Structure formats: structure tokens, C-alpha cells
Amino acid sequence: MTGCRVLVVTLVGLVASGGIRAQRPTFSARTAAIQVDVLVTENGRPVRGLQSDDFQVFDNGVPQQVDLTTFDEIPLNLVLAFDISSSVRGARLDDLRAGGARLLDALKPRDRAALITFSHTVTLDSPLTGSLGDLRSAIDRVEPRGQTSLIDATHAAMMVGESEVGRSLALVFSDGIDTSSWLTSDVVLDTARRIDVVVCGVSIGRTPDAFLRDVTELSGGTLTNLESTTNLDQTFTRLLNEFRQRYLISYSPRGVTSRGWHRLEVRVKGRNLTIKARPGYLGGS
Amino acid sequence: MRPARWSISTSHQAAEEPSWVANVRIWRAAVEDHKPGKIDDAVIGINAWSYRDLAATVADLVGLRDLLVKLRTGPGPSFRLPKYANHTFSASEVEAILGVTPEEGAPREVNRLLERGAILHTDIALLAAIETVPYGAPEAAMRGRDGRAGGVVATVHWEIARRLLDAVTPAPSADPFVRSWYRATTALLQHDYDLAYARPQLEHGLAILPNDAALLFGSGCLHEAHASPLVQSMVRSAGTTVSLNVGSPTSHLRLAERYFREALAVDPAMTQARLRLGRVLGLLGRHDEAIAELQRAVQASGDRQMLYYGEMFLGAEKRALGLDEDARAHYERAAGICPSAPSPQIALSDLGQRAGNRPAALGAIQRAFASAADRQSPGDPWWVYSIAPFANAEDLLDACRRHVQGGTKR
């Protein structure tokens, strides 16, 4: 099923890594299941301790039977996509390097990270790796130049994030607006609808970048717009910690057609909480 | 430190030469002393003049030229300029001010001065530092960086240069130098992405030379650039603090279409114009028309870079129509033309993703990464698409400079 992992394969991977908590959900082996990762907050703080019975999921308005896994113990694939166009220099570059280093410090032993940097070119400075020393060196070496291929870089980050088993977060930082990508925003937004990588964006400036806003929304991520890069490291680690505290909800669709766009709605029963999840998925191919 | 000999005259003594006459002399001497293409004393000195003084000096120069024609052809040895009622000039006095010999025709000789003057002011505009917005400057430009608005700057010298060439006789449209100058300067301004000054230059050039294919093509490129994300994002980031002469992307794309069609009407063999017309039609959502123009451009062109653009744009149009296999073929041809360019691989990665073929999508993006990492790579022509037609701009301007250097200095 386009855009969704076949759950049985994923479950085997998770068991092998020991990444599932004591509660073992049951899954249907006959119907490919849908996974949705969900951030639940109350007054801006993540809510923990919810069980599968607490959630309601609607697929095209049809209520679904929910299975649940929290995944703060599931290894993370963190893809950093950093804007190094000519405007990212001086203190801004220093803050970006410091933020990247703090992020790497916050990773757990089984997590992996990759570094993509982009100006008008999109470069894979380090593929997904658990050896963070090379990544730290790569971050220290970046030098600003050229224009901004934000859209191409976001596509690349999603491809790298999708390339390996595990939960993938693409963290995209940009202080500019796309000026040189080949791909257009609508094309990459369509990709974000199809795949499971969560994109969180950090932008700098008066107005949030429209593309970053839309791609984070469609992938179930968040966009943080900052006035300056002074506390960028705190923003990066907050986003990473939030991602770890998401719930992974799984269900096997019933009562809906398999193909086309499926509108998703996730609620927590009986409580007025803020839910952040992807707005839907593209079924069939 | 401003060179003293090029400083504006402030003499108002009736017994001495009037300051306005002195300024014409000073300006003429600077023009003739200037070495085209160099930052010399003439550039530094004249750059310090105010817009008002420059405009007045140009007007006085042209007024004296017209006076000399009247003195040589009209009745009586002297003539009073109504503007300067206290002064009379003889023909020899005006000849001395303008540096014209009695043997030569005044208009032709003054044309030479006007052309050299245009080159002086061109060099000031290009080479001298712009720090503030001169008082009374008719045009100002907003500098942008990486899609973000920056400060406001201005130079008056493009306009002064245009005024000089407007005075060329019998008509600027009949002067080959004027045509060459507009083609060279608009190309250079667009090559340097100085769109704020390219626009009035193109508009004025087309007012003089409405059927010049190069200027029509340049105008199409200008509006294509105004529709681009780089310019549009700069406009958005400027907010409401300044009013910029930039409209919506669609409005500029429609103007680009119009100018490219007009260029092709004058020169149907102008493949670059046809290629860009196809691109613009695609951006306007008229994909079938776009494909027709792009295919004609590709078939007519033997230029590697143009073929690359043609295949990439055809790939984009076929993808827009859902013809993914055709799109893939075009992108693969583009990759074959420029093997080190990342954009075809990024495009192929997108197609792979659309087809649900993860290995293909990832493989293509990894090839794009490899291209980007190759320090020997000549790069991706897509990155320079907006300035590609103007690669020879410096050569065109150097030809104009050599032309004025060929005249006799007085």
C-alpha cells in the first residue's frame, strides 16, 4: 500500500531491536495496517501514559479499531537538513553548528543520524550512521555559499529518512526561502502525503516559510519560526524530545476503500487535548 | 578624496565664465580624459556631482550643441539663449566649449562626445560605489540577498547616460552605437541580476528601437525573472515598508510571453526565445502549447546547454500531464547531456517516488548527492538559467568601450 509500511515486516524489525514496551498490541496479519504517529500535548506539554483505549481514530470519518505503541524506545533515524546558503554566516552559522552538536549529544546509543546541507546544491555530508564523530566533523566543516534549494533538500531528506527501517524524523532548518530548487513545492508536498517521514521545520524570519509550513503540516510535524538563532540548540533538542514522546497508533482500515486520499482524524476520548498528526494518507497505487 | 579638477563649478561672477558653462567644460574634459573601463579620476570626480548638476549639465550641453547648429546655419554672428539672457555666444566660443573644430560638422562631433559621455556614466554606474540614495534620484533599487530584501540604493548614472544618447542626431534609433550600447548594458545588468536598472534600460531602449529582437528577448527574460521565486520572495520579505515595482508571478509571466513572441516575430530563428516561451507557457499551465514550443526549440538547437534546458522543461511538462514515462525519458536525456548535473537526478527521484519505486527514488537522489560532492563538476546549468543568455555581456560592453576609444581626443 503506497505510503504505508506493511506492518508485519515493521513489527519483526521492532521485536528484533527490543523496542516494544510490555504492552503488546495485536495486529491483523491479513490487512496491511496504517501507522500514524501522534503528538499529544496539554498546555504545550506532551501527555504521556495514554493507552490504545484512550484514542479514537477516524479514517474518512469511519471509526477504526486502534492498536498502539509508544516509541520512545524505538531507534530513531534523524535526518538533519541544514541551510548553508550565503545568508547563514557569522553568529547564525555558529548557532547552527552548536545546535547540531547539541542534537547529536541528545541521541541514544541505537539512534542514527544523517546530515544533509543545502545551498543551491544539496549535499549528503554524512549518511545515516551511528558513528556520530564523523557527523560532528561534518557539521564543523560546513561553509555558507550560494542560494537556497530548500524544496529539493526537503525531498532529499525524506528519501534518506525513508531509506532505513525505524522511525524517521527530518529536521529542516532554513533562514531563507527557496530560490533555486528544480522541484516545485506542490510536487514535494505530494511526496510528504505518501511517505511516513515526519518533517519538523525551523525557520528564521518575520514570516514562516509557506512551503515549510505546508510540508510539516502534511507529514504530521511542526514548524517553529524564530526571530533569531540565539537559542537554536534549545529548539532543536525540544523538537527531538517531543518526537520521542509521540505515540505510534496502528490500525487496520475497515469500512473504507483502499485507494485514494484518506482523511485521518485522531482524538483522545473525554479530554480536550491538542493532537498533532498527519492529516491523512494516500492509499493504493 | 574627490579630484579637484572635476569638481562642480560654483562661480556666479558675471565677468567670469558662468558656472554652467564651466561645468560643461569640466564635464567634457572628464569625458575625454576617462579611460573606458577604468576607475580613474574622471569616474571619481563626476560621481561626486549631484543628480541636479548632472542633469543640468547634460541639458546645457545639448542646448549648446543646438545653439551651434543655429549659429552656423542661421542669420547673424551671435545668438542669445533665452534661458541665459545675460550671455551671448559666438560660434567659435561654443565650439571651444564643446571641443568642436570649425571644419567638422557639429552634430557628428558632439555625437562622439555624447557617446563617450555615455560610456563614462556607464562606468560610473558599474564601477563606482553606491552608498546612499542621491537627492532627487529618479530611480532607486532594493538590494536582495538569497531571496530576502536588503537596503535601498540608487545610482543616477544610467539615466544620465540615456539622456546623453537620446540627444544623438539625427536620431538615436539611427545610430549603431546606441543600439549596441542598449544591447550591451541591458545584457550586463541582467547578467549581474541588477533587475531594477535593467528594467528602465530595456523600456527606454525599446522606446527607441521597438523592433530590436535582442531587446525584446531581454525584456522577456526580465519578466521571467520577476516571476521567479528569488524575486517574489524578496518582494514578500520587504513587506509594506517600500513599494516595489514588481507584480504577481502571473502578470510577469504573461508579459514574458508577450515579449518572447514579439522577439520571435522579428527573428523566428531565435531558439533561445522559443525555449523560454515554452518554459513560460508551462509555468502558466498551458502545457500542450509549452510542449510544442519546447520541441521546436530542441529540434532547432545544437547548443548543449539549450538542449539540456529543453529536455528538463519537457520532462516537467510531461510530468505535469501525468505522462511519467515520457518525463523519465526526457530527464534521462538531460542527465546524458550533463552527467554531473544534480537536477535531472532529483527529478528522477521524484518520479521514482511517485511510482512507489523506493530503490529508484533513493538511487537517483544518491546520484544527485554524488554530483554535488564532485568538486571537479562543472555544476548544473539549471543554477544559471536566469543569466545564461547574457554570458557575453562583458564582451558586448567592451566593444562599445573600444568604439569610443577609437575617436580623436581634443
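The values are calculated or read from the model by the stated rules, or taken from the named source; none is laboratory data. Please read all numbers here as calculations on a predicted model, not as lab measurements. Positions of Cβ are backbone-derived with ideal geometry, glycine not excepted, and every protein chain shown enters the neighbour counts. Accessible surface is based on the protein model in full, side chains and every heavy atom, while ligands, DNA and RNA are left aside. Shrake-Rupley method; radii C 1.70, N 1.55, O 1.52, S 1.80 Å.
For chain A, the fraction of C-alpha pairs farther apart than 35 angstrom is 15 percent.
Interface of B with A. Using a 1.4 Å probe and counting protein heavy atoms only, the two chains hide about 2800 Å² of accessible surface, both sides summed.
State the percentage of accessible surface on segment A:102-176 attributable to carbon and sulfur atoms; use a 1.4 Å probe and exclude ligands, DNA and RNA. It would help to have the intermediate numbers written out before the result.
Details: 1130 of 2430 Å².
Heavy-atom surface of segment A:102-176 belonging to carbon and sulfur, 1.4 Å probe: 47 percent.
Ignoring ligands, DNA and RNA, please state the percent of accessible area on segment B:304-407 from carbon and sulfur, probe 1.4 Å.
Details: 2260 of 4470 Å².
Ligands and nucleic acids excluded, carbon and sulfur reach 51 percent.
Alpha-carbon geometry of segment A:145-285: the Rg and the Dmax are 16.0, 52 Å, given in that order. Only aspartates and glutamates eight or more places from residue B:318 in sequence, or on another chain, were considered; those with a Cα closer than 14 Å are B:288, B:289, B:293, B:326, B:332, B:350. Stretched out straight at 0.36 nm per residue, the stretch from residue B:370 to residue B:174 would grow longer than its current Cα-Cα span by 65.2 nm. Segment A:29-66 and segment B:172-205 have Cα centres spaced 62 Å apart.
A Förster distance of 60 Å, applied to the separation of the beta-carbon atoms of residue B:88 and residue A:206, puts the FRET efficiency at 0.45. In the context of the full set of protein chains, chain A has a per residue accessible area of 40 Å² (1.4 Å probe). Interface residues of segment A:189-224, defined as those with an accessible-area decrease of at least 40 Å² between the chain by itself and the complete set of protein chains (probe 1.4 Å), are A:194, A:206. Projected onto their three principal axes, the Cα atoms of segment A:237-285 cover extents of 38, 28, 15 Å, largest first.
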